Amino acid sequence: MDVPGPVSRRAAAAAAAVLLRTARVPRECWFLPTALLCAYGFFASLRPSEPFLTPYLLGPDKNLTEREVFNEIYPVWTYSYLVLLFPVFLATDYLRYKPVVLLQGLSLIVTWFMLLYAQGLLAIQFLEFFYGIATATEIAYYSYIYSVVDLGMYQKVTSYCRSATLVGFTVGSVLGQILVSVADWSLFSLNVISLTCVSVAFAMAWFLPMPQKSLFFHVPSSCQGVNGIKVQNGGIVIDTAASNHLPGWEDIESKIPLNMEEAPTEEPEPKPDRLLVLKVLWNDFLTCYSSRPLLCWSVWWALSTCGYFQVVNYTQGLWEKVMPSRHAAIYNGGVEAVSTLLVYIMDTVGDIWVCYASYVVFRIIYMLLITIATFQIAANLSMERYALVFGVNTFIALALQTLLTLIVVDASGLGLEITTQFLIYASYFAFIAVVFLVNGAVSIMKKYRKQEDPESSSQVITS
């Protein structure tokens with residue numbers, strides 16, 4: 001390996017050794033952080049009282065009215081989630097994940113503590129704000145693991161972490177249903193269990209190792225090619241052009257000990273350039289959304305997620321309207337559990353079991369289609385752009401949901417009753433379906449016409 005200029009073989013080898021040591025994460029180190037994060041996700045999602053939140057707020061424990069709950073309390077979550085999403089996205093990367101995971105755990109504790117003891121409309125609205133913090137900081141949970149494990153382990157640890165939250169939610173829903181229907185526990189007792197579980201999750205988060213890198217603000221030198229050194233396929237490559245224009249090589253050599261076996265104990269991390277990071281994010285944003293297929297899938301993802309959030313947030317209110325919990329047994333927990341493994345029907349048929357079944361079908365269809373859309377979007381994206389694109393898509397979905405909430409739900413807007421709201425949500429999904437069906441039909445017709453045109457057949461094959 002020839003090193004030009006004043007750079008000696010000894011300097012290049014020592015600098016490369018430092019980069020390799022700091023950039024590479026051994027495969028055997030993936031188990032502990034993954035196990036801790038999965039345990040955190042399981043207990044943070046194990047909240048048996050969540051499927052029964054609306055009956056609890058309307059019941060004797062809080063004694064709130066339907067208008068207060070649906071039109072004045074629940075919208076606060078949407079607004080706070082939207083406002084916090086982008087700042088939390090940047091703070092998560094800048095603070096390197098773990099502090100934001102701890103913030104999520106603390107926010108869940110505050111939420112359920114207030115759910116137990118807070119009284120009055122204003123206090124419950126503050127509760128929704130803290131729950132908005134907990135929801136916005138979920139990004140730290142799902143992105144933490146990528147900063148502490150090797151690239152080859154990404155698929156495996158992702159499946160583990162997502163499965164942990166899904167299992168936790170399902171177990172919590174089943175447990176809540178059993179305790180309510182069989183053991184006749186009060187909803188207050190379910191909230192005590194939820195508070196205990198999120199407290200356990202918060203305690204576990206303290207044992208997570210602190211990441212040394214992140215996607216944007218704390219990028220390892222091997223990824224940046226700093227000082228002309230790059231790591232490729234396990235080997236060291238000296239970028240001649242870069243090294244010829246960087247006079248710092250003399251400084252690197254002067255700091256290398258004479259004994260080559262004694263590698264430097266630590267390498268000072270370069271201070272992240274915040275403005276440069278924002279410029280990179282903006283350029284990546286323009287690059288990603290200039291692709292028409294990605295743009296179309298992202299629009300569908302944002303529109304459908306907006307409607308999905310709205311239905312899931314207010315479906316307990318519809319169930320309460322169809323069959324008040326004070327007059328009959330409720331099975332919200334069981335339905336939520338099944339739905340994790342059709343809006344017009346839910347709204348117009350006054351049978352609680354039809355509502356339950358329609359909700360299950362609705363969530364299954366959404367999960368199936370959103371998985372397809374997610375794969376189509378992420379197929380050709382790097383990890384950095386994956387985070388950016390889905391962050392932007394989520395922000396757009398929340399912005400649309402905020403607008404929908406402000407007009408339809410909020411007391412300062414139309415403040416419609418719950419059955420009228422679901423008629424609007426059904427119309428919303430019908431509009432989306434018509435738009436994309438028309439778009440799909442037009443695309444098929446254009447391709448068919450091109451195939452009939454012999455001059456454009458070669459272009460069609462190429463496409």
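Brief remarks on what is shown
- Under the Karplus curve 6.51 cos²θ - 1.76 cosθ + 1.60, θ = phi - 60°, whole-Hz ³J(HN,Hα) for region 283-300, x wherever Gly or Pro sits: 5, 5, 4, 5, 5, 5, 7, 7, 7, 5, x, 5, 5, 5, 5, 5, 4, 4
- Of the whole protein surface, Thr196 contributes about 80 Å² of accessible area at a 1.4 Å probe radius.
- ³J(HN,Hα) computed for each position of region 367-372 - Karplus, 6.51 cos²θ - 1.76 cosθ + 1.60, integer Hz, glycine/proline x: 4, 5, 6, 5, 5, 4
- The phi torsions of region 432-438, fed into the Karplus equation with coefficients 6.51, -1.76 and 1.60 and a -60° offset, translate into couplings of 4, 4, 5, 4, 6, 5, 4 Hz, rounded to whole numbers, with Gly and Pro shown as x.
- For Tyr97, neighbours were defined as the other residues whose beta-carbon sits under 14 Å from its Cβ, and their charges (Lys and Arg +1, Asp and Glu -1) total +1.
- Probe 1.4 Å - accessible area at Ser290, Å² to nearest ten: 90
- By a 1.4 Å probe calculation restricted to protein chains, Trp30 has an accessible surface near 50 Å², given to the nearest 10.
The values are calculated or read from the model by the stated rules, or taken from the named source; none is laboratory data. The structure displayed is predicted, hence computed values, not measured ones. Here the Cβ is made from the backbone with ideal geometry for all residues, glycine too, and neighbour counts use every protein chain on show. Ligands, DNA and RNA are stripped out before the accessible areas are found, and what is left, the full protein with its side chains, is counted by its heavy atoms. Shrake-Rupley method; radii C 1.70, N 1.55, O 1.52, S 1.80 Å.
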